[in-house]
Every structure is written in structure tokens, then in C-alpha cells.
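Reading through the C-alpha cells given below for one structure.
The values are calculated or read from the model by the stated rules, or taken from the named source; none is laboratory data. What you see is a predicted model; the values in this text were computed from it and never measured. Here the Cβ positions follow ideal geometry from the backbone for every residue, glycine too, while neighbour counts run over all protein chains shown. Each accessible area value is taken on the protein alone, full model and side chains, heavy atoms only, with ligands, DNA and RNA left out. Shrake-Rupley method; radii C 1.70, N 1.55, O 1.52, S 1.80 Å.
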Amino acid sequence: MTATYTIDVFSSLDGFGTATGDWGGYWGKQGPELLEHRLALYDRPQRMVFGANTYRAFAQLLASGADEAVYDEWVTRMRRMPATIVSTTLTEPLDWPDATVAPGDAVEVVGRLKQESAVPLRSHGSLSMNRALLAAGLVDRLQVTLFPVITGQTGTGPIFAGAADFDLELLETRTLDGNIQELVYRPTLHPAPKGAA
């Protein structure tokens, strides 16, 4: 049986994953429902999959002596999950309790993990890696948590910039804290126009 692979991203309404300026984490919009729901997402066994840059960002954020405010309970639970870090530059040991480095191409690594893993696979962030996995047809679920902000002047990390074209089938939707939307889709590569090279 093939393990499911879920991309999990946070986004502003205009498609950015992060922002500069004084927004703060979650663009300052988190509430108790969001945090409880995020914690519940990590209640069941899963394997996390990160690219090297996202792993480095998490490791830096969660390093000893980091601000305790970054330790939301769901992040702590996610960090306890087994993780595969796709990287040609990192070496073990990593600053993550149960992480292994998988050198090589992300498409090959995740294709193999989908065949071998006894638990679902989940990736939070890792934008460029996940755009490649989307294009290769390896993503089963795309979970977008949409925060009620537009970051036209300060947005960074455009989530789908440079991605292929996809049709999305809506599988689930929920509203959290009255103004945050979680949308879960099944992506399908949109066919190229006839006659396109």
C-alpha cells in the first residue's frame, strides 16, 4: 500500500508563506481553535519530510535558548515525529530527535518513501521541494491554512511561484477562530494545451 503525502502550508490571502515587518507568527491571527486543530493533526503517527532549508529554519528556531514563545505545543509534537530530511549538503547527526538525511533527488526519495512507509507522510513548508513533488504527481493532499491578511508590500516566500498548473478537488474545509480557513485539496496536474511543446 502506498503512503499518502500531504503538503501543509500557511498562506496569506495573496499567496505568501511569510512576511517581513511587524506581523509576528501566524500573521498575528492565531487563536485557540487553530492551535488545538494543529495539535490534533499531530496526534496520529506520521513521518515528516523536509527540504534542507526548511529543516535549517526549524532547527534554528527551535535551538536551545530560543524564545519559548515559538514552542507551540503542535510544533513540539511535530518535532517528536520521525523525519526525513532530503538534502545533498546536510550530514547526520541532526538537531532533531528522530531525523535521517536522505541524499538525492526529492522525487526519487519521496517516491521510495511512499512505497516503504507504514505511516502517512507530511511536509510543512519546504516550498521548492514540494513544487517539484507536485509536478511529479507524488502529492495526494494539499492542505492550505489561509490567514485573513494581504501582504502585498511585505509578503515573502510565494508559495506557488514557478509551480506547474493544477486542478484542485476540494476534499475538506473548515473555519478556525472565525476567520482562518483551512482548505484541503487533491491536486491533479492540469493537461497542457493541445499542440503545446
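Need at least 1 residues that are of a type in the set (Lys, Arg) and out of contact with any His (no Cβ under 7 Å at 6 or more places or on another chain) per element, so show me which strands (runs of 3 or more DSSP E) inside the stretch 1-101 make the cut, counting only ones lying wholly within it. Spell out the reasoning first.
Values: elements: 5-12, 16-19, 47-51, 83-86.
Strands (runs of 3 or more DSSP E) meeting the threshold: 47-51.
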Test each condition in (1) β-branched (Val, Ile, Thr); (2) under 23 Å from Arg186 (Cα atoms); (3) buried (at least 18 other Cβ atoms within 10 Å of the Cβ) for Val107 and report the one that comes out false.
(3)
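Does Thr188 fit the bill of being touching a strand residue (DSSP E or B) at 6+ places or on another chain (Cβ under 9 Å), more than 26 Å from Thr54 (Cβ to Cβ) and β-branched (Val, Ile, Thr)? Explain how you work it out, then say what you get.
Values: touching a strand residue (DSSP E or B) at 6+ places or on another chain (Cβ under 9 Å): yes; more than 26 Å from Thr54 (Cβ to Cβ): no; β-branched (Val, Ile, Thr): yes.
No, not satisfied.
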Look at the stretch 18-50 and say how many of its residues are within 24 Å of Val109 (Cα to Cα) and open to solvent by 20 Å² or more (accessible area, probe 1.4 Å).
3
Considering residues of the stretch 8-17 that are touching a Ser or Thr at 6+ places or on another chain (Cβ under 8 Å) and surrounded by fewer than 19 Cβ atoms within 10 Å (Cβ to Cβ) only, the residue nearest to Leu133 (Cα to Cα):
Gly17
Every pair of residues 6+ apart whose Cβ atoms lie under 7 Å, when the first sits in the stretch 75-98 and is without any contact (Cβ under 8 Å) to a residue 60 or more places away in the chain while the second is charged (D, E, K, R) and in a loop (DSSP other than H, G, I, E, B)
Pro82/Asp98; Ala83/Asp98; Pro97/Arg80
